[in-house]
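Novice: Below are the structure tokens for one structure; questions will follow.
The values are calculated or read from the model by the stated rules, or taken from the named source; none is laboratory data. Because the structure is a prediction, the values reported are computed rather than measured. So basically every Cβ, Gly included, is an ideal-geometry build from the backbone, and we count neighbours across all protein chains shown.
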Amino acid sequence: MPKRVTRIEQPKAAYRKRVAAYCRVSTDHEAQLDSLENQMETFRFRAAQRGDWDLVNIYADEGLSGTSLKGRLQFQQMIADCEAGKIDYIITKSISRFARNTVDTLQTVRELQGYGVQVYFEKEGIDTADSLSEMVLTIMASFAQEESRSISENVKWGIRKRFEAGHEVKVPLYGFYHTDDVLFLIQEDEAAIVREVFERFVHGEAPAVIMDDMIARGVKPPAGKCWKRLQIDRMIKNEKYAGDVVLQKTYIENHLTHKQIRNHGDLPKFRVENAHEAIVDRHIFEQAQKIMAMRNVAVGNSTYPYGEMLRCPLCGKALVHGSLNNFYYDGEKIQNGGWGCYSEGGCGDYLIIQNVLDEAMIKAYEEKYGEKKETVEFYWLDDTVEEIQLSEDRVTIKWRDGETSVVEMDFSEKRYSPSRYSVFYNDYLDRIRCGEKKNKYKFLMGLTPAAVQAG
């Protein structure tokens, strides 16, 4: 009797597919949001027409780029629900709505297939349940990624052309507010704080002192709940408070990472002067920038308040500042540092203690203007002094109004003349260089970094 094989057909149970839809628009403009609503309504209609579909959820991300999955919270929630076994099938309008990064697209599809979930891309007609879908999907996703790159480059070109034309961009900034038509309108209550910060800084107060006072008074900070030192520094450096704008301070690395990079010369910057109404007087702003540069201890000692005003009477080189605060000469501690001829090519034979110089400058100012001064500050030096000429025992000040004052420096009571003190200091440096004395100071005039390290 011949062998007979009979195929046994198992009756298929009625199965309803749990379907989710994913929608995304790349901007939050009104037209794009209307598009998002249209996408969602279309998916609701399609699901209602299918008798074997149960629409589980519609996941929608608004105003987010498709080139990265980072930040797309609804997309991430959809993946998590797939992993939890809540979804069997995903429908989406197109590959570009799903992701414009080829790698992310393929990795996500494979991850979903691992959860037993397939994806249908409506525009391209690709169903990942099809055996040929991955090859087609790879090609189409590459096209979508290239399209994204092209769009990104066009957008960058447009932005840079706007920068070249001097068009400002809307940037949230303490002291200003924006309307749809006008950028950088003054918010007077915050602007008053900005002016106070600049005035106090220019008149000699340190940023940390200003910050502590703002905190003690309960003044609203630029951001967050409490003032931070960095906020004071950034405020003082920000050219927008003087009415100017520097465009293209940062740029986006590429269309995939969207990482913002600070522009250190990779691309041109554009400065627009008098772009909007200023909060801070330009003269005060410029003085603040000079003070910030003089107090930049990252490049050595602070050169506040004289900056580059002082020159050696012996060789004409600019004097540099050294802290010298822990130096003792004949048992006398040196306070407030000194200015010596130790710049590149300097003779090293002149070193004036700052306290002695300060006293002479204050005396000259008070005699000329009849106004009491406790300390030497850059703002009044910059406003009144044209030139300072030093010698062994006197200071000659040429004022901006054309007059001249000559003041004898006081070297009595264990105060040492510039030439005498330079001899002492040079001997100290020689002892460090030859290893006889250990250098315990961070910065010393006249020592190279190698000599400092060796000491």
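Novice: Output the number of the condition that residue 406 fails; it satisfies all remaining conditions of (1) surrounded by fewer than 13 Cβ atoms within 10 Å (Cβ to Cβ); (2) within 30 Å of residue 284 (Cβ to Cβ).
Specialist: (2)
Residues are listed down the side, and each one gets a yes or a no for (1) within 24 Å of residue 391 (Cβ to Cβ); (2) modelled with pLDDT under 90; (3) touching a strand residue (DSSP E or B) at 6+ places or on another chain (Cβ under 9 Å):
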| residue | (1), (2), (3) |
| --- | --- |
| 268 | no, yes, no |
| 273 | no, yes, yes |
| 280 | no, no, no |
| 284 | no, no, no |
| 289 | no, no, no |
| 301 | yes, yes, yes |
| 306 | yes, no, yes |
| 310 | yes, no, yes |
| 313 | yes, no, yes |
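Novice: Condition first: in contact (Cβ under 8 Å) with a residue 12 or more places away in the chain and more than 15 Å from residue 393 (Cβ to Cβ). Now tell me which residues in segment 362-373 satisfy that.
Specialist: 362, 365, 367, 368, 369
Novice: Among the residues of segment 316-328, are any under 36 Å from the mean Cα position of the chain (by Cα), in the same structural domain as residue 428 (by TED's automatic domain parsing), over 29 Å from residue 205 (Cβ atoms) and surrounded by fewer than 20 Cβ atoms within 10 Å (Cβ to Cβ)?
Specialist: yes
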